Amino acid sequence: MNRFELKQAAKAQISGRIGKFFLMYLAYFGVALLFSMVGALIPAVGTIVATMATYPMYFGIIAVCIALADGNDFKVSDMFNGFHDWWGAIKTYFFVGLFTSLWSLLLIVPGIVKSYSYRLAIYIKAENKDMPALEAIRRSKEIMEGHKLEWFVLDLSFIGWGLLVGITFGIAAIWVTPYMDMTYVNAYRKMCPKVVEAEVVEETTEE
């Protein structure tokens with residue numbers, strides 16, 4: 001996995017589209033902020049509603065990034081396509097969080113390692129709406145075998161960008177956020193070509 005190539009591709013992909021990305025992330029973080037305020041007043045209700053709204057929205061953003069990585073353009077409204085499988089999005093996040101937390105109960109390091117095992121589950125599920133959440137997690141574990149360190153190093157390579165966002169009081173996030181998301185999606189696509197859905201069909205036929 002060549003980090004330089006992934007990042008160069010990401011820069012080219014977001015070039016000329018920063019405005020659309022800004023509107024998508026503005027909607028996403030706006031909804032998250034709104035319900036965090038509601039959660040402060042009514043904790044249980046705010047948390048539940050925020051989960052039901054923000055998880056599918058982020059799934060939609062990931063699907064947009066995957067489409068862009070495959071050479072397709074997008075509309076800002078495409079981010080709401082995540083609601084077509086809103087329950088699948090919520091279940092995927094839930095199981096990833098649950099399994100990571102259970103491993104973290106043992107020690108911090110196993111929890112971190114396992115979080116990388118489940119890293120691709122969200123991308124796989126966003127691209128394959130008919131795939132069960134647990135199957136997406138299983139495939140993520142399978143694909144990430146032997147690649148966890150590469151993704152860890154990729155994460156580390158963004159530390160400087162994170163500092164820039166902090167120094168600019170979040171302004172740099174307008175460019176940095178889509179840049180990071182597209183880089184991760186490009187890494188996902190390198191490791192997982194668009195054959196997952198076809199494999200599901202083949203397995204179903206064989207059964």
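All of the numbers you see were taken from the coordinates with simple rules; none came from a lab. None of the values given here were measured: they were computed from a predicted structure. With ideal geometry, Cβ positions are generated from the backbone for all residues, glycine too; neighbour counts draw on all protein chains shown.
Between Trp86 and Trp161, the FRET efficiency estimated from the beta carbon spacing at R0 = 30 angstrom works out to 0.45. Counting only whole DSSP H helices of the chain, the ones at least 20 Å long by C-alpha along their axis and with mean Kyte-Doolittle hydropathy no lower than 1.0 are 18-41, 43-69, 86-106.
Lys-Lys pairs in region 3-206 that are eight or more residues apart or on separate chains and whose Cα atoms lie under 16 Å of each other come to 12.
Extension gain for Ser101 to Lys75 (0.36 nm times residue separation, less C-alpha to C-alpha distance): 5.8 nm.
Between Val31, Thr51, His84, the Cα set farthest toward the positive side of the dipole of the chain (charges on each charged residue's Cβ, about the Cα centre) is that of Val31. Based on alpha carbons, the Rg and Dmax found for the chain are 17.2, 55 Å.
Distance between the 7 Å Cα→Cβ label points at Phe152 and Phe29: 2.9 nm. Across the chain, the relative contact order, built from alpha-carbon pairs under 8 Å that are at least six residues apart, equals 25 percent. Considering only Ile62, Ile14, Ile122, the Gaussian network model of the chain with Cα springs below 10 Å gives its largest mean-square fluctuation to Ile14. Only Lys, Arg, Asp and Glu carry charge here, each on its Cβ (+1 for the first two, -1 for the last two); on that basis the chain has a dipole of about 740 debye about its Cα centre.
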